[in-house]
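Q: Just passing along the structure, written as structure tokens.
The values are calculated or read from the model by the stated rules, or taken from the named source; none is laboratory data. Keep in mind that this is a model prediction, so the values were computed, not measured. Every residue, glycine as well, gets a Cβ built from its backbone with ideal geometry; the counts of neighbours run over all protein chains shown. When the accessible area is computed, the model is the full protein with side chains, heavy atoms only, and any ligands, DNA or RNA have been set aside. Shrake-Rupley method; radii C 1.70, N 1.55, O 1.52, S 1.80 Å.
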Amino acid sequence: MASDPKIHTFEEVAPHNKTKDCWLIISGKVYDVTPFMDDHPGGDEVLLSATGKDATNDFEDVGHSDSAREMMEKYYIGEIDASTVPLTRTYIPPQQPPYNPDKTPEFLIKILQFLVPLLILGLALAVRHYTKEK
């Protein structure tokens, strides 16, 4: 740990809430856990759900091992200014891809998955019918 830790405000930490840029506040300290996202045993969703708030309770409720607590040291980037952390978390909805009302390719694939077997069956019956008469 650095001898003179950087003091972060909540406004600095809150935007770091993505898989490629994830910071957590635990016990008054700020951790950049971005490199750990793929390795976290609970998955990256667990870490992402703890962003934008004081994640101390989330961390303690799980009952992490001593080795997990030691591992946190390498992700430590500073302290949090406790006066800037809101008491209640305001909900920030996750970013979603825009709605695509025109799902033509998906619809076309479903139609073809239904029609192609019917056409093959019809062709097989037609071939059987015409070869049986002659």
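Q: Inside the stretch 1-88, counting only helices (runs of 4 or more DSSP H) that do not spill past its ends, which hold 3 or more residues that are surrounded by fewer than 13 Cβ atoms within 10 Å (Cβ to Cβ)?
A: Of the helices (runs of 4 or more DSSP H) lying wholly inside the stretch 1-88, those with at least 3 residues that are surrounded by fewer than 13 Cβ atoms within 10 Å (Cβ to Cβ) span 56-62, 66-71.
Q: Further question on the same structure: For P117, state whether it is at pLDDT below 90, over 18 Å from K29 (Cα atoms) and either open to solvent by 60 Å² or more (accessible area, probe 1.4 Å) or of a type outside the set (F, W, Y) (or both). Spell out the reasoning first.
A: On the way: at pLDDT below 90: no; over 18 Å from K29 (Cα atoms): yes; either open to solvent by 60 Å² or more (accessible area, probe 1.4 Å) or of a type outside the set (F, W, Y) (or both): yes.
No, not satisfied.
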